[in-house]
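Colleague: Attaching a single structure in C-alpha cells format; questions to follow.
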Amino acid sequence: MTDTIGGIRIEMTDAPDQPAPSEDLLALYRGFERELLVPLWAEIGELMPTTPTSRALPHRWEWSALHQLAEQAGDLVPVGRGGERRAIALANPGLGGRPFATPTLWAAIQYLGAGEEAPEHRHTQNAFRFVVEGQGVWTVVGDDPVAMRRGDFLPQAGWNFHAHFNPGDAPMAWIDGLDIPYAHFVESTFFEFGRDRVEDRSTPERSKSERLWAHPGLAPVAAADSPGTTPLLAYRWEHTDAALAAQLELEAQGEAHTVEPGHAAVRYLHPQTGGDVLPTIRAEMHRVRRGGETAPRRETGSSVWQVFDGSGRVRVGDHEWSVNRGDLFVVPSWQPVSIVSEASADDSDSGALDLFRFSDAPIHLAMHQFRSETEDDKR
Ligand code: GTQ
Ligand code: FE2
C-alpha cells in the first residue's frame, strides 16, 4: 500500500501498524527528505527479500545474429588506440541498456580481421577468451604469444598487459568474459595503455605459459610456493574434451563421476591453488549426452552460457529457448536452469550438447554467500 501526503509518497508496503496519514507524519517524511534520509520500513521489501531477486532477465542471443553484426563492424569500425577492442557486449534487457550481461559479468563478441592488431593495454578487471569457432589470432599476454583455437579457454587475470593480433588472412571472432560490471560497481578499476605495437610477431604452437604449467600435477619449484593469479594462459580443447569423454565412458561402465546421469562437467582451475581459475570468475564446460536432460538447478550469482556444440532446449525460470552452436544465454541469480540435449542433423557425431559456462561464483564464495540447490536437495 502506498499513501501520499502533500506529494510525498509514503511506502507502507512491508511495514505493519503504520500510523494514519497526518500533518505530523507529513512533517516527519519531509524531514527525512530534507536531511537525505530514508527509513528502512519503506525499503525493506526490496532490499532484504527472502530469496535473491535479480533485475537481470533470462535472455538468449543467437550467434548467427551476433556474428553477422560483428562482421559488419569489421567492415565499418577500425580497431585501434582509444576504442581498444572491436568488442560488442551483450546488454541484458533488465539492466537498462548498459553493456552488462548480468549485474556482475561482461560478455562480448570480439572480431579481428586479417592482419589486424588490438593494441596492448592492461586493466584490473579479470578477463578470459573462449573460442567457439575458427583460429588464427594470437593473444599476447606480457611477452607470451598464445594461440587461440576452437574450444580453447584462455584466462587472463587482471593487470597483465595484453594485445591480440591476427597474422593470417581470415577474420576471427571469439567471446570475451570479464568482471567489468562488478568492478564498475565497487569502483576499484585501473587502466593503462601499453605499447602501440607488440614487436614479437612469433606464432608459436605452444605458449611459454603452457610449456611451464601445462603438465598435470607439476609446477616449477621456483614458483610453486608463491601463487599469484593464474600462470596458465591456455586450457586446450583436447584436454577438456578428453576429460568430459572419460566421465561419460566411466558412467557407461557403471561408475558415477558425473554431475548427474548423462551430464559430465569440468571446471577450469588455477594450477597452483586448485581453486577457481580467476578471482571473480568461475568457468566450466558441460556435456549432456544425446537425449540427456539436466535437473533444474539454481544458485546465487549469475551465469552466462555458450553452446559449444550440438543443439537442444534450455529452460531458465519461465523462459525457454532452443539453442544451437554459438548461442549465448544468461541465467540470473537464483533462477533455475535445465538443459535438454536434442541432436539435430548437422551436429557432431556424438549428438551430445556441449556448453561452456562462466559465473561470478568466486565472489559469492569469498563472501560466504554462495548457495546452490536442485529439486533433489530440497527433498
Ligand atoms: O580484449 O582486452 O570485451 O579489455 C572488453 C575489454 C575485451 C580485451 C573486452 C577488454 C577486452
Ligand atoms: Fe583488455
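Colleague: For the subset of segment 185-199 comprising residues that are part of a strand (DSSP E or B) and either of a type in the set (A, V, I, L, M, F, W, C) or away from ligand 1 (no atom under 13 Å from the Cβ) (or both), which member is surrounded by the most Cβ atoms within 10 Å (Cβ to Cβ)?
Modeller: Phe193
Colleague: Hey, does segment 250-266 have a residue that's touching a Lys or Arg at 6+ places or on another chain (Cβ under 7 Å), under 23 Å from Phe128 (Cβ atoms), of a type outside the set (Gly, Ala, Ser) and modelled with pLDDT of 95 or more?
Modeller: No, every residue in segment 250-266 fails to be touching a Lys or Arg at 6+ places or on another chain (Cβ under 7 Å), under 23 Å from Phe128 (Cβ atoms), of a type outside the set (Gly, Ala, Ser) and modelled with pLDDT of 95 or more.
Colleague: Output the number of residues of segment 148-184 satisfying the condition of being among the hydrophobic types (A, V, I, L, M, F, W, C), more than 26 Å from Leu269 (Cβ to Cβ) and assigned to a loop (DSSP other than H, G, I, E, B).
Modeller: 1
Colleague: Something else now. Can you pull out every residue in segment 123-134 that is surrounded by fewer than 19 Cβ atoms within 10 Å (Cβ to Cβ) and either on the phi < 0 side of the Ramachandran plot or in contact with a helix residue (DSSP H, G or I) (Cβ under 9 Å, 6 or more places away or on another chain) (or both)?
Modeller: Thr124, Glu133
Colleague: Out of segment 82-97, which residues are within 13 Å of ligand 1 (Cβ to nearest atom), on the phi < 0 side of the Ramachandran plot and not aliphatic (A, V, I, L, M)?
Modeller: Hits for segment 82-97 are Gly83, Arg85, Arg86.
Colleague: Checking Thr230 against (1) of a type outside the set (A, V, I, L, M); (2) open to solvent by 50 Å² or more (accessible area, probe 1.4 Å); (3) assigned to a loop (DSSP other than H, G, I, E, B): exactly one of these is not met. Which one?
Modeller: (2)
Colleague: Check off (1) at pLDDT below 95; (2) within 16 Å of ligand 2 (Cβ to nearest atom); (3) surrounded by 15 or more Cβ atoms within 10 Å (Cβ to Cβ) for Met12 and give me the number that stays unchecked.
Modeller: All conditions are met except number (2).
Colleague: Sticking with this structure for a sec: Return yes when Glu120 is within 16 Å of ligand 2 (Cβ to nearest atom), over 16 Å from Tyr268 (Cβ atoms) and surrounded by fewer than 16 Cβ atoms within 10 Å (Cβ to Cβ) and no when it is not.
Modeller: no
Colleague: Still on this structure, please answer the following. Provide a single number: the residues in segment 143-184 that are open to solvent by 10 Å² or more (accessible area, probe 1.4 Å), within 13 Å of ligand 2 (Cβ to nearest atom) and either closer than 21 Å to Trp61 by Cβ or over 17 Å from the mean Cα position of the chain (by Cα) (or both).
Modeller: So the answer is 5.
Colleague: Provide a single number: the residues in segment 64-110 that are open to solvent by 20 Å² or more (accessible area, probe 1.4 Å), more than 15 Å from ligand 2 (Cβ to nearest atom), under 21 Å from Asn324 (Cα atoms) and not in a loop (DSSP other than H, G, I, E, B).
Modeller: Qualifying residue count for the region: 7.
Colleague: If you don't mind, there's one more thing I want to ask. Can you pull out every residue in segment 239-276 that is assigned to a loop (DSSP other than H, G, I, E, B) and hydroxyl-bearing (Ser, Thr, Tyr)?
Modeller: Correct list: Thr258, Tyr268, Thr273.
The values are calculated or read from the model by the stated rules, or taken from the named source; none is laboratory data. A quick note: this is a predicted structure, and the numbers were derived from the prediction, not measured. Every residue, glycine among them, receives a Cβ derived from its backbone with ideal geometry; neighbour counts consider all protein chains shown. The accessibility values were calculated without ligands, DNA or RNA, using every heavy atom of the protein model including side chains. Shrake-Rupley method; radii C 1.70, N 1.55, O 1.52, S 1.80 Å.
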